[in-house]
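Visitor: One structure, as structure tokens, below. Some questions next.
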Amino acid sequence: MVQKTLAGKNVEVNDEGYMTTPSEWSRDIATALATEIGITLTDKHWEVLEYLRKSFNEGVALSLRKVGNSGIVDIKGLYSLFPGGPLKKSALIAGIPKPASCV
Amino acid sequence: MKKLVILGAGSAGTMMANHLNKKLDKAEWSITIIDEYESHYYQPGFLFIPFGIYKAKDVVRSKHDFIPKGVEFILKRVKTIAAESNTITLASGETLPYDLLIIATGAKINPAETAGLDEGWYKDIFDFYTLEGAKALYERLKTWTGGKMVVHITELPIKCPVAPLEFSFLADSWLRKKGLRDKTELIYVTPLSGAFTKPTSSKALGYLLEEKGIKLVTDFGVMQVDAEKKKLISYDEIEVDYDLLVTIPTNMGDRMIEESGLGDDLNYVATDKNTLQSKAYPNVFVIGDATNIPASKAGSVAHFEAEILTENILLFLEGKPLKPDFDGHANCFIESGNGKALLIDFNYDVEPVFGTFPFPIIGPMQLLRESRLNHIGKMVFKWIYWNMLLRAIPIPLITAKMSRMGKKIK
């Protein structure tokens with residue numbers, strides 16, 4: 001775990017840069033995290049991020065299918081919003097853990 | 001007479017039938033288990049069939065051999081559950097009432113979820129999550145002379161999340177033995193960010209792919225398969241060519257769950273992750289791959305769940321509060337090729353770590369490290385499964401809740 005300054009706040013992140021305390025997240029921090037990986041957040045991005053945070057708080061596992069069925073954006077659209085790795089990138093910006101397997 | 005009905009006679013349902021048959025008062029309760037298929041499969045054994053290590057006879061038995069006397073076994077398809085009225089309807093039209101229901105209907109592959117997969121099915125595209133697929137792949141590998149062999153995960157969750165990695169490691173060993181390794185490009189394609197995604201496993205096991213020369217394609221969300229041109233195509237239009245595609249298609253819960261209005265978008269039942277009670281109906285409990293809980297879909301998980309669910313059902317019948325005791329515990333041997341295997345033991349909160357199992361220091365099993373002993377453990381497990389696990393005979397030293405002893409937890 002390391003401390004990192006994002007949008008003027010000290011937050012704790014893991015070795016891969018994912019926030020370890022989802023409650024420390026704010027919109028300003030999200031903007032700072034997005035900027036670091038070269039993404040400018042639009043309204044559509046925010047809708048996805050809010051959906052991911054809501055799902056995370058309800059204990060629902062993150063998947064491409066779930067986002068695709070959310071009515072916010074289809075999977076192709078999600079790849080355009082977060083190019084290269086939509087789930088790992090959107091989770092990073094949303095301040096929630098990266099989707100993982102058991103090992 | 002009150003009725004307890006179990007839907008599904010796979011690993012989880014069979015274990016519950018054996019546990020409850022020992023614990024319930026038969027003067028008061030009847031137990032019925034329903035399944036549409038007569039064969040019981042030792043699913044962890046499917047992995048070995050393509051390489052000729054196991055044959056069909058190693059992995060198939062009759063379900064009748066494991067369902068205890070005193071439990072009624074109905075060999076029919078269930079059409080729907082009407083949870084509001086505590087009844088189930090069979091495909092044959094009969095209706096059965098229940099006082100308590102256990103859903104253990106599992107998960108299976110659904111190749112129809114991916115466009116194009118059916119066109120190359122069992123020609124250049126195979127699965128090893130069914131006996132049929134594993135046998136067809138065994139036949140295909142007999143004529144393999146080299147080319148691009150792609151091991152692919154469509155989407156999560158899947159049964160036994162480590163099986164595709166094990167397949168890749170065993171394929172590497174098999175190819176070397178056959179003198180075909182330098183003629184074969186072995187490629188692992190995953191929708192996740194890596195082959196290993198947990199911090200300790202990534203550091204400890206990342207070398208395996210490198211050592212075996214397995215290429216890795218990550219963050220790959222498959223949109224379709226072009227079976228004619230033999231390509232996987234992702235949503236962001238990246239293409240992966242194959243000569244042989246070994247895919248893990250989308251895994252889904254039973255269609256009956258969907259038709260009963262009890263499932264999520266993959267037909268998994270909303271279940272309390274600690275008590276295993278259905279979230280919608282108090283007299284319905286769910287176990288094994290059929291649940292939506294964030295535990296691995298694996299036999300060891302069903303085994304640990306069965307012990308806790310048995311206790312909770314007894315508490316429920318006495319009108320007492322349920323124990324939130326299921327901790328997500330899983331215990332898995334992972335074949336790493338060349339006659340070695342790894343062992344992992346983890347739960348909801350503790351990722352797989354280094355250490356010894358089951359005893360501190362003396363082990364004898366090593367966690368998260370390759371060893372021959374772990375491989376022997378994996379092979380012995382088939383006997384334990386058929387003779388102890390399904391019959392709900394306790395396995396010494398293996399506890400339902402994960403033990404922290406011997407583990408190097410940060």
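Visitor: Test each condition in (1) within 13 Å of chain A (Cβ to nearest Cβ); (2) of a type outside the set (D, E, K, R); (3) without any contact (Cβ under 8 Å) to a residue 40 or more places away in the chain; (4) not in a helix (DSSP H, G or I) for B:PRO161 and report the one that comes out false.
Guide: All conditions are met except number (3).
Visitor: Identify the single condition in (1) open to solvent by 60 Å² or more (accessible area, probe 1.4 Å); (2) in a loop (DSSP other than H, G, I, E, B); (3) within 28 Å of B:GLU237 (Cα to Cα) that A:ASP15 does not satisfy, given that it satisfies every other one.
Guide: Going through (1) open to solvent by 60 Å² or more (accessible area, probe 1.4 Å); (2) in a loop (DSSP other than H, G, I, E, B); (3) within 28 Å of B:GLU237 (Cα to Cα) one by one, A:ASP15 breaks only (3).
Visitor: Which residue pairs have Cβ atoms under 6 Å apart, sit 6 or more places apart or on different chains, and have a first residue in the range B:269-287 that is within 11 Å of another protein chain (Cβ to nearest Cβ) and a second that is of a type in the set (D, E, K, R) and buried (at least 24 other Cβ atoms within 10 Å of the Cβ)?
Guide: none
Visitor: While we're looking at this one, here's another question. Looking at the range B:328-338, is at least one residue crowded, with 19+ Cβ neighbours inside 10 Å, within 14 Å of chain A (Cβ to nearest Cβ) and hydroxyl-bearing (Ser, Thr, Tyr)? Let's see the steps before the verdict.
Guide: Kept after step one, since they are crowded, with 19+ Cβ neighbours inside 10 Å, are these residues of the range B:328-338: B:328-337.
Pick out the ones that are also within 14 Å of chain A (Cβ to nearest Cβ) and you get B:328-336.
Pick out the ones that are also hydroxyl-bearing (Ser, Thr, Tyr) and you get B:336.
Yes.
Visitor: While we're on this one: Which ranges mark the helices (runs of 4 or more DSSP H) fully within the range A:35-103 that have 3 or more residues being without any contact (Cβ under 8 Å) to a residue 40 or more places away in the chain, open to solvent by less than 30 Å² (accessible area, probe 1.4 Å) and among the polar types (S, T, N, Q)? Steps first, answer last, please.
Guide: On the way: elements: A:43-57, A:64-68, A:75-81, A:86-94.
Of the helices (runs of 4 or more DSSP H) lying wholly inside the range A:35-103, none has at least 3 residues that are without any contact (Cβ under 8 Å) to a residue 40 or more places away in the chain, open to solvent by less than 30 Å² (accessible area, probe 1.4 Å) and among the polar types (S, T, N, Q).
Visitor: Give all pairs with beta carbons closer than 8 Å in which a residue from the range B:295-318 that is among the basic types (Lys, Arg) meets a residue that is open to solvent by less than 40 Å² (accessible area, probe 1.4 Å); count only pairs at least 6 apart in sequence or on separate chains.
Guide: These pairs meet every condition: B:LYS297/B:ALA107; B:LYS297/B:ILE158; B:LYS297/B:LYS159; B:LYS297/B:PRO161; B:LYS297/B:ASN251; B:LYS297/B:GLY288; B:LYS297/B:ASP289.
Visitor: Residues in the range B:264-277 that are open to solvent by 10 Å² or more (accessible area, probe 1.4 Å) and within 13 Å of B:PHE316 (Cβ to Cβ): how many?
Guide: 3
Visitor: Among (1) assigned by TED's automatic domain parsing to the domain that holds B:THR184; (2) open to solvent by less than 50 Å² (accessible area, probe 1.4 Å); (3) farther than 15 Å from A:ARG65 by Cβ, which single condition is B:ASP241 missing?
Guide: All conditions pass for B:ASP241, except number (2).
Visitor: Moving on. Which count do you get for residues in the range B:168-192 that are touching a helix residue (DSSP H, G or I) at 6+ places or on another chain (Cβ under 6 Å) and part of a helix (DSSP H, G or I)?
Guide: Number satisfying all stated conditions: 5.
Visitor: If the requirement is being out of contact with any strand residue (DSSP E or B) (no Cβ under 8 Å at 6 or more places or on another chain) and either closer than 17 Å to B:GLU259 by Cα or among the charged types (D, E, K, R) (or both), which of these qualifies: B:LYS2, B:LYS23, B:LYS79?
Guide: Working: B:LYS2 fails: out of contact with any strand residue (DSSP E or B) (no Cβ under 8 Å at 6 or more places or on another chain); B:LYS79 fails: out of contact with any strand residue (DSSP E or B) (no Cβ under 8 Å at 6 or more places or on another chain).
One residue alone meets the criteria, B:LYS23.
Visitor: If you take the residues in the range B:205-236 that are surrounded by 19 or more Cβ atoms within 10 Å (Cβ to Cβ) and on the phi > 0 side of the Ramachandran plot, which one is farthest from the other protein chains (Cβ to nearest Cβ)?
Guide: Result: B:LYS230.
Visitor: Quick check: is even one residue across the range A:65-83 farther than 30 Å from B:GLY328 by Cα and away from every other protein chain (no Cβ under 14 Å)? Break it down into steps so the answer makes sense when it comes.
Guide: Narrowing the range A:65-83 to residues farther than 30 Å from B:GLY328 by Cα: A:71-74, A:76-83.
If we keep only those that are away from every other protein chain (no Cβ under 14 Å) too, we end up with A:72.
Yes, there is a match, as at least one residue in the range A:65-83 is farther than 30 Å from B:GLY328 by Cα and away from every other protein chain (no Cβ under 14 Å).
Listed here are the residues, each with its yes/no results for (1) in contact with a Lys or Arg (Cβ under 8 Å, 6 or more places away or on another chain); (2) among the aliphatic types (A, V, I, L, M); (3) modelled with pLDDT under 95.
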residue	(1), (2), (3)
B:ASP272	yes, no, no
B:ALA298	yes, yes, no
B:ALA302	no, yes, no
B:GLU307	no, no, no
B:THR310	yes, no, no
B:PHE316	no, no, no
B:ALA330	no, yes, no
B:LEU342	yes, yes, no
B:PHE359	no, no, yes
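The values are calculated or read from the model by the stated rules, or taken from the named source; none is laboratory data. Fair warning: this is a prediction, and the values are worked out from it, not measured in the lab. No Cβ is skipped: glycine too gets one built from the backbone with ideal geometry, and neighbour counts run over all protein chains shown. All accessible areas refer to the heavy atoms of the entire protein, side chains included, with ligands and DNA or RNA removed. Shrake-Rupley method; radii C 1.70, N 1.55, O 1.52, S 1.80 Å.
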